[in-house]
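A quick write-up on the structure given underneath.
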Amino acid sequence: MRALQYRSIGAAPEVVEVERPSPGPGEVLLSISAAGLCHSDIFLMGLPAEQYLGLGTLPMTLGHEAVGVVAELGAGTTGVSIGDLVAVYGPWGCGLCATCARGSENYCPHAAGLGIVPPGIGAPGGMADFMIVDDVRHLVPITGMDPAATVAITDAGLTSYHAIKAEFDLLLPGSTAVVIGAGGLGHVAVQILRAMSPATVVAVDMSQQKLELAAAVGAHHVLPSDQQSAAAIRELTGGVGADVVFDIVGSDATLTMARECVRVDGSVVIVGIGGGLLPAGFFSTPFGVRVRTPYWGTRDELVEVLALARDGLIRVEVETFSLDEAPKAYARLHDGDIAGRAVVVP
Ligand code: NAD
Ligand code: ZN
């Protein structure tokens with residue numbers, strides 16, 4: 001079968017022939033219908049060897065957003081049938097601890113120690129003709145949904161949903177939410193905020209094209225990202241500042257913006273892995289501000305955010321590519337030249 005692999009540090013990913021895997025006991029083999037490209041892949045492929053090898057192995061089949069059709073069941077696997085269309089829950093945990101029992105496998109404290117890694121970020125991912133899923137609990141049936149339109153819900157949707165859901169206490173009538181970075185995650189975050197909260201939504205991005213997309217999907221205000229953005233947000237909020245700032249870039253520049261535009265007793269949610277640091281504390285963040293770094297999302301949240309998509313309340317803007325075109329799609333994502341999500345349909 002074909003697989004898109006990151007094969008050597010710093011090199012572009014390549015489409016190669018690899019052996020089709022067979023599912024072991026309890027496992028499921030999916031025939032991939034769609035796999036999404038995420039900026040986190042760009043981040044991983046940009047790491048120097050010592051940092052990358054702490055996270056992953058080489059070669060690695062990319063793709064941590066995946067939707068597929070059940071093609072084969074390992075010995076003793078029950079709960080799904082050949083031919084079922086399913087979405088993959090990616091942040092695999094041990095499945096046995098209290099955290100996993102709550103559905104929060106994304107925060108399983110045992111996964112790293114047990115060598116359990118997500119598909120596409122350690123385990124072979126979905127940018128291939130087939131992939132192995134380790135357990136049926138990591139599958140959500142999506143009968144009738146369009147694979148390419150749905151696949152990014154498993155990360156761009158789930159991560160945004162998880163980040164937003166924990167902020168509902170502050171997203172009250174009259175509140176303001178800022179989304180910095182209106183890319184794959186950000187344009188979905190804007191829609192989740194509109195669908196689930198009464199907050200006024202402000203999107204900030206460096207790209208005019210992304211700001212146009214943010215406005216088209218429901219942002220009340222859009223602002224260019226520059227030295228003036230924080231002051232503009234303060235002005236929009238009558239001098240008070242934003243109740244919640246979702247920084248989906250996470251660079252020093254955007255974290256400074258977040259710190260400067262968040263209100264007293266507000267919240268800064270750092271979703272982007274842009275390598276920046278936000279000094280939290282007195283004389284840095286306003287009084288009462290909380291700072292979180294949410295990672296991906298929980299199993300129950302994936303079912304919920306897929307329901308939002310199925311019911312038409314959120315919609316991912318998608319540009320599709322064949323598997324052979326995937327290296328080109330990654331180059332365009334790297335250059336900031338994808339509006340919404342790039343999706344590979346093998
Ligand atoms: P993307 O490339 O689709 O979108 C990034 C957007 O940020 C683009 O629209 C770009 O124009 C904009 N941007 C870049 N620099 C900016 C700046 N200084 N000010 C304002 N906007 C700026 O990326 P994506 O796939 O949506 O991922 C976004 C970030 O979220 C990445 O850092 C990614 O690694 C991270 N991520 C985190 C998690 C998590 O679990 N926390 C999950 C998935 C992705
Ligand atoms: Zn991702």
- Note on the structure: From the option list THR176, THR143, THR150, single residue qualifying as within 22 Å of ALA326 (Cβ to Cβ), modelled with pLDDT of 95 or more and not aliphatic (A, V, I, L, M) is THR150
- Message: Among the listed residues THR298, THR293, identify the single one that is out of contact with any helix residue (DSSP H, G or I) (no Cβ under 9 Å at 6 or more places or on another chain), within 29 Å of GLN51 (Cα to Cα) and not hydrophobic (A, V, I, L, M, F, W, C).
- Response: THR293
- Considering only region 14-70, state which residues are in contact with an Asp or Glu (Cβ under 7 Å, 6 or more places away or on another chain) and within 14 Å of ligand 1 (Cβ to nearest atom). ALA35, GLY36, CYS38, LEU62, HIS64, GLU65
- Looking at region 54-73, is at least one residue part of a loop (DSSP other than H, G, I, E, B), closer than 21 Å to LEU306 by Cα and of a type outside the set (D, E, K, R)? yes
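Of all residues in region 157-191, which are part of a loop (DSSP other than H, G, I, E, B), of a type outside the set (Gly, Ala, Ser) and in contact with a Leu (Cβ under 9 Å, 6 or more places away or on another chain)? Break it down stepwise before answering.
Step one: list which residues in region 157-191 are part of a loop (DSSP other than H, G, I, E, B), which gives 166-175, 181-183.
If we keep only those that are of a type outside the set (Gly, Ala, Ser) as well, we get 167-173.
The one that is part of a loop (DSSP other than H, G, I, E, B), of a type outside the set (Gly, Ala, Ser) and in contact with a Leu (Cβ under 9 Å, 6 or more places away or on another chain): LEU171.
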- Note on the structure: Sole miss for ALA177 among (1) in contact with a helix residue (DSSP H, G or I) (Cβ under 6 Å, 6 or more places away or on another chain); (2) closer than 27 Å to GLY90 by Cα; (3) more than 16 Å from ligand 2 (Cβ to nearest atom); (4) touching a residue at least 40 places away in the same chain (Cβ under 8 Å) is condition (2)
- Within the group VAL249, VAL305, which residue is touching a strand residue (DSSP E or B) at 6+ places or on another chain (Cβ under 9 Å) and either of a type in the set (A, V, I, L, M) or within 14 Å of ligand 1 (Cβ to nearest atom) (or both)? VAL249
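The values are calculated or read from the model by the stated rules, or taken from the named source; none is laboratory data. Since this is a predicted model, take the numbers as computed values, not measurements. With ideal geometry, Cβ positions are generated from the backbone for all residues, glycine too; neighbour counts draw on all protein chains shown.
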